[in-house]
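Here is the structure we will look at, set down as structure tokens.
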Amino acid sequence: MSARGPVAAGPATASAPLLEARGLTKHFPVRKTRLAPRGAVVHAVDDVSLALPAGSVTAIVGESGSGKSTLAKLLARLIRPTSGQLLLDGGDIPPTSRVRRSYARQVQLVLQDPFSSLNPVHDVRYHLARPLKVHRLAGQGGDLDQSVADLLERVALLPAAQFAAKYPHELSGGQRQRVAIARALAVAPRILLADEPVSMLDVSIRLGVLNLLADLRERDGLAIAYVTHDIASARYLADVIAVMYAGQIVESGPAGSVTDQPAHPYTQLLLSAAPDPDRAQAPALRGRGAPPNLVTPPAGCRFHPRCPHAMRICADTPPAMTQVAAGHASACWLHAPDLDRLQRSPLAPGDPHISGAGERAAPPPPPAPEPGKET
Ligand SMILES: Nc1ncnc2c1ncn2[C@@H]1O[C@H](COP(=O)(O)OP(=O)(O)OP(=O)(O)O)[C@@H](O)[C@H]1O
Ligand code: SF4
Ligand SMILES: [Mg+2]
């Protein structure tokens, strides 16, 4: 278990996690520039612990650049962690090629952009038949056609024969994303990592894809990680929400508890910025600063340069995860009852103790070439 503690489990997470991350960290090396000294790294993901139980959707929510996709790639083992551990069914994952292949089959990643994830020169049948053949999950001819039809039926692309013959350009964005999900399902995964699966889709068809993910959780018992910047869709779909800020999880718990009683000021910021047709006034926290530069993240609580409640202690000492309700935890000094007066003294804008504020305005340094391809 990491120093920051695991993501709290919600009510639907009674079963043991299929996949668990413990203290996952990814630091990307960057080239030396005026702003980035030799040996500088991007702190993309820092000490993240997370559990994905069967039959449950865990939303990973945060602003652009908070490390969501990097975390999804770490969970999919597409990139190697700087440190930390992944456990499948509670056990270590031995570094053999057989285990690597089996892991790649069991843990599937669906990407944000259904336009680029499908090859325009091949029809839907080709996209779905290929993984079935590669993993020897269907025979040839009629057997293969039936398996393709079954997959299309599972993602509600009917009549299946008609959709199997279509090319990507003949499909709507939502239909393309359904094909991408069907392709992931072809290898009978147990864990689905969906990285912003609806953010590029028209608002009118997003709900259909979210409902499809909900079906896969209920019908097939998949463990799903739903990566999104949209906390409103997370509230709709997820059982558990983990909120990420600047590479760290700052709040987690049952979706209803996190969205109805957000404990962390950053979650409050996200919720205040979420669309709400019933709200008469503009969100009070919207526009309050920008995420930090992750080459030199702020000391202490990484949110302190933007936080309306920031105190002296927040600028130099990172807060630990503290339980605030059943299964609901938040990393914030506001939950510590025993701070002294100096530690509690407010940080005003421009206070010399504030670190890392406004550095986002500088262009991020380019990544350093990494030796070899990561697996
Ligand atoms: N290969 C890389 N080399 C260097 N830095 C990287 C690399 N990949 C990601 N980063 C940096 O890591 C940080 C987290 O990026 P990531 O893509 O994980 O964020 P995100 O939350 O998915 O953002 P978005 O919502 O825009 O997709 C960013 O500062 C990004 O610039
Ligand atoms: S620890 Fe301090 S700066 Fe961070 S969210 Fe809490 S009050 Fe704000
Ligand atoms: Mg991303």
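The values are calculated or read from the model by the stated rules, or taken from the named source; none is laboratory data. Predicted model only: the values in this text are computed from it and were never measured. Note: ideal-geometry Cβ built from the backbone for every residue, glycine included; neighbour counts use all protein chains shown.
Return yes or no: is Arg178 of a type in the set (Lys, Arg) and within 27 Å of Ala44 (Cα to Cα)? Answer is no for this residue.
The residues of the stretch 152-170 that are part of a helix (DSSP H, G or I), closer than 21 Å to Asn119 by Cα, touching a residue at least 24 places away in the same chain (Cβ under 8 Å) and out of contact with any His (no Cβ under 9 Å at 6 or more places or on another chain), listed by number, are Leu152, Phe163, Ala164, His169. If the condition is being part of a loop (DSSP other than H, G, I, E, B) and either surrounded by fewer than 21 Cβ atoms within 10 Å (Cβ to Cβ) or out of contact with any strand residue (DSSP E or B) (no Cβ under 8 Å at 6 or more places or on another chain) (or both), then the stretch 315-333 contributes Asp316, Thr317, Pro318, Ala320, Ala326, Gly327.
Identify the residue in the stretch 98-117 that is of a type in the set (Ser, Thr, Tyr) and outside any loop (DSSP other than H, G, I, E, B) and, among all such residues, is nearest to ligand 3 (Cβ to nearest atom). For the stretch 98-117, the residue satisfying everything is Tyr103. Within the stretch 299-314, take every residue that is surrounded by fewer than 21 Cβ atoms within 10 Å (Cβ to Cβ) and more than 24 Å from the chain's Cα centre (by Cα) and give me the one that is farthest from ligand 2 (Cβ to nearest atom). Taking the candidates together, the pick is Pro308. Taking the stated definitions as given, is Ser69 within 16 Å of ligand 3 (Cβ to nearest atom), under 26 Å from Leu270 (Cβ atoms) and part of a helix (DSSP H, G or I)? For Ser69, the condition - within 16 Å of ligand 3 (Cβ to nearest atom), under 26 Å from Leu270 (Cβ atoms) and part of a helix (DSSP H, G or I) - is met.
Just to be sure, is Ala299 touching a His at 6+ places or on another chain (Cβ under 8 Å) and on the phi < 0 side of the Ramachandran plot? Criteria not met by Ala299. A residue that is more than 16 Å from ligand 2 (Cβ to nearest atom), in contact with a strand residue (DSSP E or B) (Cβ under 6 Å, 6 or more places away or on another chain) and closer than 19 Å to Val124 by Cα can be found somewhere in the stretch 188-197. Residues of the stretch 225-251 that are within 12 Å of ligand 1 (Cβ to nearest atom), more than 11 Å from the chain's Cα centre (by Cα) and of a type in the set (Ser, Thr, Tyr): Tyr245 alone.
Might you check whether a residue that is of a type in the set (Val, Ile, Thr) and without any contact (Cβ under 8 Å) to a residue 60 or more places away in the chain occurs anywhere in the stretch 116-129?
Looking only at the stretch 116-129, we keep the residues that are of a type in the set (Val, Ile, Thr), and these are 121, 124.
Going one step further and asking which of them are without any contact (Cβ under 8 Å) to a residue 60 or more places away in the chain, we end up with 121, 124.
Looking for residues that are of a type in the set (Val, Ile, Thr) and without any contact (Cβ under 8 Å) to a residue 60 or more places away in the chain, one finds at least one in the stretch 116-129, hence yes.
Residues in the stretch 308-341 that are in contact (Cβ under 8 Å) with a residue 60 or more places away in the chain, in contact with a helix residue (DSSP H, G or I) (Cβ under 8 Å, 6 or more places away or on another chain) and of a type in the set (S, T, N, Q): Ser330 alone. Of all the numbered requirements in (1) at pLDDT 95 or above; (2) assigned to a loop (DSSP other than H, G, I, E, B), Leu339 misses one, and that requirement is (1). For the stretch 153-162, does any single residue satisfy the condition of being crowded, with 16+ Cβ neighbours inside 10 Å and either over 30 Å from Ala51 (Cα atoms) or within 16 Å of ligand 1 (Cβ to nearest atom) (or both)? Yes, the stretch 153-162 contains a residue that is crowded, with 16+ Cβ neighbours inside 10 Å and either over 30 Å from Ala51 (Cα atoms) or within 16 Å of ligand 1 (Cβ to nearest atom) (or both).
Scanning the stretch 62-71 for residues that are hydrophobic (A, V, I, L, M, F, W, C) and within 16 Å of ligand 2 (Cβ to nearest atom) yields no hits at all.
Does any residue of the stretch 47-69 turn out to be near ligand 1 (Cβ under 8 Å from one of its atoms) and hydrophobic (A, V, I, L, M, F, W, C)? The answer is no; no qualifying residue exists.
Would you tally the residues in the stretch 14-40 being within 16 Å of the chain's Cα centre (by Cα) and without any contact (Cβ under 8 Å) to a residue 40 or more places away in the chain?
Total meeting the criteria: 0.
Does any residue of the stretch 132-150 turn out to be in contact (Cβ under 8 Å) with a residue 24 or more places away in the chain, surrounded by 14 or more Cβ atoms within 10 Å (Cβ to Cβ) and among the acidic types (Asp, Glu)? No. Checked against (1) in contact with a Lys or Arg (Cβ under 6 Å, 6 or more places away or on another chain); (2) over 15 Å from Pro114 (Cβ atoms), Val198 passes all but condition (2).
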